[in-house]
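Engineer: Starting off with a structure, shown below.
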Amino acid sequence: MDSKECWLQLAVTALTNLNIEKAAEVYSHIGDISNGNFDRAQELYMESDQPVEALNMRQDILQWDLALQLAKSLAPQQIPFICKEGRPAEALAYYEKGLQGGFEEKQALACEAGIARTSILCGDYATGLKIAMGSNSTRQLLNDCAELLDNAKKLNEAAQLYEMAENFNQAAQCYIRLKNWTKINSILSQVTSTKIHAQFAKAMEAIGNYRRAVNAYELARDFGNVIRITLERLHDTQEAVRIVQETRSIEGAKMVAKYFQKEGDFVSAVKFLIMSACYDDAFKLASNNDQLQLYGDLLVDEMVDGEVQNQFLILASHFESKSNSLLAGKYYYHGKQYRKAINNLLAAAKKNPQNEEALSLAIDVVAASQDDALTNQVIELLLGEVDGEARDPKYVFRLYMAKKQYLEAAKSAIIIAEEEQLNDAVPILTSTVIECHRANMKLSAFKFASVLMKPDYKQQIDEKYKKKIEGIIRKAPRGDQLSDEIRLEQTPCPGWHITKENITACPSCQFPAIYPELIE
């Protein structure tokens with residue numbers, strides 16, 4: 001069954017049934033691809049209604065000369081492609097024959113392009129170049145010939161054709177291999193490949209042209225190398241810092257931090273260690289140089305991930321062990337440990353009743369936590385129930401604002417605005433008007449807006465609020481718009497003058513109230 005005769009019989013059967021692919025496979029297997037039965041198959045195809053299959057058959061069995069003869073009558077447009085498939089020297093001859101066939105311009109141009117390519121493959125670079133650079137050339141032909149020349153190590157000629165084809169990336173690559181820096185510079189602005197820019201940058205660095213290397217590394221978006229050369233070769237610290245801050249390069253930040261450490265500038269070193277996420281190193285350096293508070297402040301600016309949050313807890317624990325309640329509370333807050341934050345901040349506020357930072361941070365904590373128990377603790381402190389020291393009512397106002405409880409904020413603002421000895425009158429009155437209006441307390445908003453419009457205050461109003469306040473004056477409330485105000489005035493929390501001796505909190509709404517009025 002494995003005899004040559006059997007295989008030949010199978011091939012003949014395939015040809016009789018016009019299964020050319022199978023016949024070609026069999027003949028190829030037995031090494032008899034030139035068997036005359038293909039001639040018979042061609043005859044049968046030519047007599048059928050699909051004569052072009054004869055051409056396809058000759059191409060399938062790689063008989064390019066016979067395929068070329070058939071193409072002249074059956075498919076002239078295929079001549080260039082048939083020629084292209086042969087060996088270079090043979091293909092060149094076919095293309096040249098194709099030019100003599102009197103074909104249409106399109107086919108003639110395709111043959112000419114084929115001559116250019118095969119001439120280069122045959123080593124006739126001058127002919128290939130001449131045709132490729134001729135008036136009938138196309139960008140595709142320029143690229144094809146440039147690639148062939150590139151492979152043949154004819155880099156100057158290849159680069160020239162790449163440029164003509166506007167393939168500046170490949171042209172630049174050839175010029176880099178040629179070390180033709182002048183030509184590269186002439187086209188560098190049109191090179192889009194970051195890889196090519198990086199290659200050029202390395203070449204410039206190797207020959208000591210550091211400024212050009214920096215420019216090329218920037219185009220390659222390799223900011224680590226930009227910063228390295230700027231620091232180590234150009235010794236321009238200020239520029240290196242600018243680049244790190246602009247690009248947020250982690251590797252660059254590490255290099256800048258290392259540079260500052262060598263220079264003994266530990267504050268700057270800590271800053272850039274944090275920027276490069278080297279938190280342990282930054283903590284150690286800050287601790288050794290008594291700069292942990294600076295470390296914490298810089299961490300606040302870099303709050304971007306969970307690792308930073310963990311650093312806040314480490315800091316908070318450190319300051320807690322040093323009995324620094326204010327900083328412990330501050331960093332517990334940033335570390336989202338709200339109960340520990342409040343405990344420390346209240347301790348700091350009790351130690352120094354005028355500690356504005358502790359009170360402000362405590363308000364930020366209760367706003368972030370949305371924990372009613374913590375809110376009540378802070379209110380008790382502000383009202384003086386914890387240590388007998390009532391704080392400025394503005395903190396109650398700020399607390400309600402931070403918690404977006406605008407009605408309570410408006411009530412507090414009224415109390416503050418009606419104090420006999422009023423400090424910072426304009427901003428407090430402005431806040432009162434805005435919050436009363438937001439809480440739909442139109443009568444109070446109108447009342448305090450009218451005060452703000454007095455000559456003593458009017459010129460001090462922030463421009464961004466002036467038009468709104470003027471609008472409130474123009475639309476004086478009346479009728480049913482006053483109902484909310486009437487209900488407010490009937491509560492035991494009227495907007496009267498408060499003293500340290502009579503201030504308390506309403507048990508139902510928790511906003512500041514006057515004790516004698518409340519117990520009646």
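The values are calculated or read from the model by the stated rules, or taken from the named source; none is laboratory data. Everything numeric here is computed off the predicted structure, so don't read it as measured data. With ideal geometry, Cβ positions are generated from the backbone for all residues, glycine too; neighbour counts draw on all protein chains shown. Calculation scope for accessible area: heavy atoms of the full protein, side chains included, ligands and nucleic acids excluded. Shrake-Rupley method; radii C 1.70, N 1.55, O 1.52, S 1.80 Å.
Engineer: Could you please let me know if residue 340 is touching a residue at least 24 places away in the same chain (Cβ under 8 Å), on the phi > 0 side of the Ramachandran plot and under 39 Å from the mean Cα position of the chain (by Cα)? Steps first, answer last, please.
Structural biologist: Numbers: touching a residue at least 24 places away in the same chain (Cβ under 8 Å): yes; on the phi > 0 side of the Ramachandran plot: no; under 39 Å from the mean Cα position of the chain (by Cα): yes.
No.
Engineer: Check residue 202 against each of (1) in contact with a helix residue (DSSP H, G or I) (Cβ under 8 Å, 6 or more places away or on another chain); (2) touching a residue at least 24 places away in the same chain (Cβ under 8 Å); (3) of a type in the set (D, E, K, R); (4) closer than 26 Å to residue 234 by Cα and name the one condition it does not meet.
Structural biologist: Every listed condition holds for residue 202 apart from (2).
Engineer: Of the residues 208, 224, which single one is touching a residue at least 12 places away in the same chain (Cβ under 8 Å) and open to solvent by less than 80 Å² (accessible area, probe 1.4 Å)? Full working, then the answer.
Structural biologist: Values: 208 fails: touching a residue at least 12 places away in the same chain (Cβ under 8 Å).
That would be 224, the only listed residue that is touching a residue at least 12 places away in the same chain (Cβ under 8 Å) and open to solvent by less than 80 Å² (accessible area, probe 1.4 Å).
Engineer: Can you confirm whether region 242-250 contains a residue that is open to solvent by 90 Å² or more (accessible area, probe 1.4 Å) and farther than 27 Å from residue 276 by Cβ?
Structural biologist: no
One line per residue, one yes/no per condition, for (1) more than 32 Å from the chain's Cα centre (by Cα); (2) touching a residue at least 12 places away in the same chain (Cβ under 8 Å):
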| site | (1), (2) |
| --- | --- |
| 298 | no, yes |
| 313 | no, yes |
| 323 | yes, no |
| 346 | yes, yes |
| 351 | yes, yes |
| 367 | no, yes |
| 372 | yes, no |
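Engineer: Need at least 2 residues that are β-branched (Val, Ile, Thr) per element, so show me which helices (runs of 4 or more DSSP H) inside region 282-350 make the cut, counting only ones lying wholly within it.
Structural biologist: By residue number, 306-321.
Engineer: Considering only region 82-109, state which residues are within 20 Å of residue 137 (Cα to Cα), modelled with pLDDT under 70 and either open to solvent by less than 40 Å² (accessible area, probe 1.4 Å) or within 50 Å of the chain's Cα centre (by Cα) (or both).
Structural biologist: 83, 84
Engineer: Would you please name the residue that is nearest to residue 355 (Cα to Cα), looking only at residues in region 371-386 that are in a loop (DSSP other than H, G, I, E, B) and open to solvent by 50 Å² or more (accessible area, probe 1.4 Å)? Reasoning before the result, please.
Structural biologist: Applying the first criterion (in a loop (DSSP other than H, G, I, E, B)) to region 371-386 yields 371, 383-386.
Those still in the list that are open to solvent by 50 Å² or more (accessible area, probe 1.4 Å) too: 385-386.
Details: 385: 17, 386: 15 Å.
Across region 371-386, the extreme among qualifying residues is 386.
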